[in-house]
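Right, one structure below, let's go through it.
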Amino acid sequence: MNSASGAPLISVVIPAHNGRDLLKSCLDSLFDQTEKDFETIVVDNGSTDGTREFLEAEFPQVRASYYEEKLGFARAANIGLSQTRATDYISLLNQDTVVAPNWLAALKARLETDSSLGSCASKMMDYDHRNILDGAGDVYLSNGYAYRLGWSLRDAPEFQKSYRVFGACGGAALYRKTMLDEIGWFDEDLMMYYEDVDLSFRAQIYGYQCEFVPEARIYHIGSAPKDGEHSQNNPKILYLLARNSLFVVLKNYPLMALIRNAHRIILSRILFARAYYKQNPTLGLACLKGNLSAFFKMGPMLLKRWSIQRKRKVDYREVIRMFQASEKLMTLHQKYETWVRSGEDLKKEEPAQLKIDKSLPETFKNAVEKYASPVKDPVDRQRILDVNLDPSRFYYWADEIEQCHPISGSVILSSGCSSGGCVQVFSERGASKSIGAEVDPALSKLSKLRFQDWPGNNVQIDLYDGLSLPYEDQSVDVVSSLHVLEHTKDNKKYLSEIFRVLKPGGILFLDLPNRYFKMEQHTMYNYVHYLPKKVRDVVIGGVLKRPFAKFFSENARHKLGVVCDYHFPSPAQIIKMVESLSAEYFLKIEDALYHSPDKQKYRPIVFPYLYGFARRYPSFRIVVRKLPNPVPAP
């Protein structure tokens, strides 16, 4: 307690509804905090499971209020806020959470050290799978939708450091009391959903920042209450989400920000309603009703807007920069999602961890860490570590190749050998000789380090220039080319070299990123690869130079540069190149399909020029067999 006034430093408010079984673990963990100077307030709204009797018997130190009707989160939270006696900070906590012992202390310490912060966001983890994130701060995009950063993804190094976010989830946040006194409490007209987003938006335009604190861990059960009310397949929930998200826009967007983003706001709602309508017409209609409801009830929101906007302390340009910062964080989230997530919900199944082969030489592991360290993009850096230290991914490709050609007893060339992982798997499968050809000197060196302590391996690692393979004609049975062709300077020359060294009867197993994939996995720039390479290099290369370069951030220039460096040929272009070489090398395309390795889903490439069918598949593969030379007629 505060020695001068007897008031606590912090008040923790817990809105509750039918949470008797959940509150015990929540309150037990709360009273086990290293920070002791706090009070706990529970606002029970409409519980019928004996919550009142339980609290009075088990936790008499808790200050509780009981209401017969269900109030909704916003009103229940406001009642709790009105009862607080805290001098400095107020926390909101969901009833279905368990907090780490240092949770409150970590949040308080961050607010004490930075006066620009008005709130802090906790690191929310899934209760059942504690290496899976449930949230790492909220982001808010210019289309008027908020997202919980990191949701359902495996915890990663980038989520283990502090960074500024748009706001904190209202179920695990610590707010500065003076901020709440200035900006106001939750808007009870929103009742539930987006009420915390609305408060975060007001905080931002009043000049208060929010920071994600990874040390403040909280474990969220996320399934309470079990009455279907927390499912996004519930029409009532979708109605409230659609309506309240528009209420937040109407109240808080500065006029210029609203004008500049009106098309995004309208289009995104049409697309969301359409997507839900395809899933279930009832859900789509609920989204539509929510949007229309916001339109017909905009009068009270516009009155609130007048009050908020006249007190706004930041320019509309700052709000747009806030959108851009959120979109940058969301891009990071999406790149992790593309790389880390499997096809199933990670919250239902424990994800596979990074499998570091214990037999790998220490010199190799250290070299991989050194190789990855200068990479700027954190997702690309993690990808390098995964690819080089987790050998399990190569067994999938070996299985796929073995369906087309036997590995045992064959001479196999891996073009782009991923630090020897491919060639090692081929050697284990009984290849008479396993060759790795690498264009990157550093990766070539890594591959050699990987095998230097393993004598007796029939593995050979070579460095080449990406065009001329240093092997004799017709000396290889199988060529494995996994995501290599897009890095070569001359695609046709590269293919010609492969067919030169391939024996008659041998195959080329070619796998490439799909340039029409809706979430392009290399650069995250949608639709860029529809452009021909020459046009792309001229147009994008031009904007990277003066005087246009100053309009792009360093991160944007880096990504645009990557777009110019990569050339993603389409299936139609590959098929055309193979057909042009078939007269010289007698080639036959045996298999052509789009596929998703994570989900193990496939779709035959029947019409290679109709790319609309391929948007769901991140990769495509083409298997080409070199036929024996025909015997000339006598």
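For the pair Y66 and S475, the difference between a 0.36 nm per residue extended length and the Cα-Cα distance amounts to 139.1 nm. For segment 181-331, treating each Cα as an identical point scatterer without solvent, what Debye log10 I(q)/I(0) comes out at q = 0.12, 0.13, 0.14, 0.18 1/Å? Taking Cα atoms of segment 181-331 as identical point scatterers yields -0.59, -0.70, -0.81, -1.26. For segment 1-116, the average shadow cast by the Cα convex hull is 7.4 nm², which is a quarter of the hull's surface. Solvent-accessible surface of segment 88-217, averaged per residue with a 1.4 angstrom probe and all protein chains in place: 28 square angstrom. The slack between E327 and T178, meaning 0.36 nm per residue of separation minus the straight C-alpha distance, is 50.7 nm. Taking 7 Å steps out from each Cα toward its Cβ at L467 and D315 produces label points 5.1 nm apart. Most tightly packed first, judged by the mean number of other beta-carbon atoms within 10 Å of their residues, the peptides 102-109, 576-583, 498-505 read 102-109, 498-505, 576-583. Per residue, the convex hull around the alpha carbon atoms of segment 116-203 comes to 108 Å³. Rounded to the nearest 0.05, what FRET efficiency do N234 and E188 have when you use their Cβ-Cβ distance and R0 = 25 Å? According to the calculation, E is roughly 0.75.
Rg/Rh, computed from the Cα trace of segment 20-82 with Rh as the Kirkwood radius, has the value 0.96. Computing Rg and the Kirkwood Rh from the Cα coordinates of segment 407-499 gives a ratio, Rg/Rh, of 0.95. Label separation (A57 vs K24): 1.0 nm, computed from points 7 Å beyond Cα along the C-beta direction. On the beta carbon distance between Q573 and S115, with R0 = 35 Å, the FRET formula returns roughly 0.05. Here the alpha carbons of segment 170-212 define both size measures, Rg and Dmax, at 10.0, 28 Å. A simple spin-label model places the labels of E486 and R264 2.5 nm from each other, with each point 7 Å out along Cα-to-Cβ. Computed over segment 52-205, the percent of Cα pairs more than 18 Å apart is 62. Share of Cα-Cα pairs in segment 62-146 beyond 19 Å, in percent? Result for the distance tail: 57 percent. The length gained by stretching the chain between E362 and Q460 to full extension, at 0.36 nm per residue less their Cα-Cα distance, is 33.3 nm.
The values are calculated or read from the model by the stated rules, or taken from the named source; none is laboratory data. Only a predicted model underlies this, so the values are computations on that prediction, with no experimental measurement involved. Don't worry about glycine lacking a Cβ; one is built from the backbone with ideal geometry, like all the others, and counts go over all protein chains shown. Just the protein is used for accessible areas: all its heavy atoms, side chains included, with ligands, DNA and RNA removed. Shrake-Rupley method; radii C 1.70, N 1.55, O 1.52, S 1.80 Å.
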